[in-house]
Structures are given as structure tokens and as C-alpha cells.
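Asker: Before I ask anything, let me first share the structure, which is written out below as C-alpha cells.
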Amino acid sequence: MSTKVGDRILQWYMVHPLLVSRPPAGSVIRQQVCPTCDQTVSCVVLGVAETRKRRRIRAALALAAAVTTVVLVGLTVVNFDPDRNFGVTVPLAFGAMGTLVAAAFLCDSWLAEDGVWLRNPETGRRYGRLGPVQDPFHGLTYK
């Protein structure tokens with residue numbers, strides 16, 4: 001469903017929980033049936049162990065980025081020179097901002113990882129996860 005607001009079009013999607021049977025190990029390509037239109041969509045489904053492993057890796061990277069952010073902010077405060085010598089302070093501040101952004105993206109990735117991805121029927125590869133994804137052949141979306 002879409003709504004026109006001024007010169008922009010807002011699109012609204014329904015979220016449907018899909019019941020997925022996971023393989024005991026590895027990954028498998030499954031055909032899921034949309035509960036609204038009864039069309040099939042191709043999904044890549046990881047096993048429970050693989051999904052947990054991916055989530056743990058992303059959580060560890062997010063934690064490392066958060067700790068690095070705190071350390072860089074501390075170094076920025078300690079090395080601040082009120083006499084206008086910003087030779088060390090500016091790179092440390094930009095590094096802290098960069099690791100903060102990385103920590104935010106990694107936390108989002110950690111929370112969004114469920115081990116099930118939509119698969120592009122043309123290329124056979126899964127869709128990327130940067131932003132919401134819509135299958136152009138069906139209209140099924142996920143975040």
C-alpha cells in the first residue's frame with residue numbers, strides 16, 4: 001500500500017511471520033509461501049548453530065567497537081590541549097565518531113540477524129541487508 005504525501009510516496013508493507021524449519025546443520029534453500037498471496041519466495045535458511053555463531057561474532061564486533069569508542073573518547077579528553085594544539089585531539093575525536101557509527105551498525109546487524117534471508121531468483125544470491133529489502137518479483141519485504 002502506498003500513500004502520496006506532498007511530492008513523496010510512502011510505502012507501507014505488511015509483516016508476516018513465516019514458519020521456517022531449520023536444517024540440522026549448514027544452510028538450505030527453501031521455498032516459502034506468502035500467507036497473503038500464496039506465491040512462493042525463495043529463502044536461504046541457516047541452521048540454529050550457524051545462526052548463533054553469526055550472532056555471536058556480530059555481538060563481539062559490536063562490543064569491541066563500543067569499547068574502542070570509549071577508549072578513544074578517553075584519550076581525546078586526556079590529550080586535549082587548551083592552547084589550540086589539536087594535532088592529536090582531532091584524529092582521536094574522528095576515530096571515536098567512526099567507531100561509534102560502526103558499533104551502531106554492528107548492533108543493528110546483531111539484532112536483525114535471524115538466519116533467514118530472501119534470495120534473488122535471478123542471480124541465486126541473497127539480498128544484502130543494508131536497509132529494508134524488497135523482492136521485486138513478489139513484493140515481500142524484510143528489514
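Asker: Starting from the Cα of Phe86, step 7 Å along the direction of its Cβ; do the same at Lys53; then give the gap between the two resulting points in nm.
Answerer: According to this spin-label approximation, the distance is 4.6 nm.
Asker: Still on this model: Note down the net charge around Ala59, summing +1 for each Lys or Arg and -1 for each Asp or Glu among other residues with Cβ under 13 Å from its Cβ.
Answerer: Charge balance in the 13 Å sphere: +4.
Asker: Let's test the formula: R0 of 22 Å, r as the Cβ-Cβ distance of Ala104 and Ala60. What FRET efficiency results, to the nearest 0.05?
Answerer: 0.90
Values in this text are rule-based calculations from the coordinates and carry no lab data. All values reported here derive from a predicted model rather than from experimental measurement. Backbone-built Cβ (ideal geometry, glycine too); neighbour counts: all protein chains shown.
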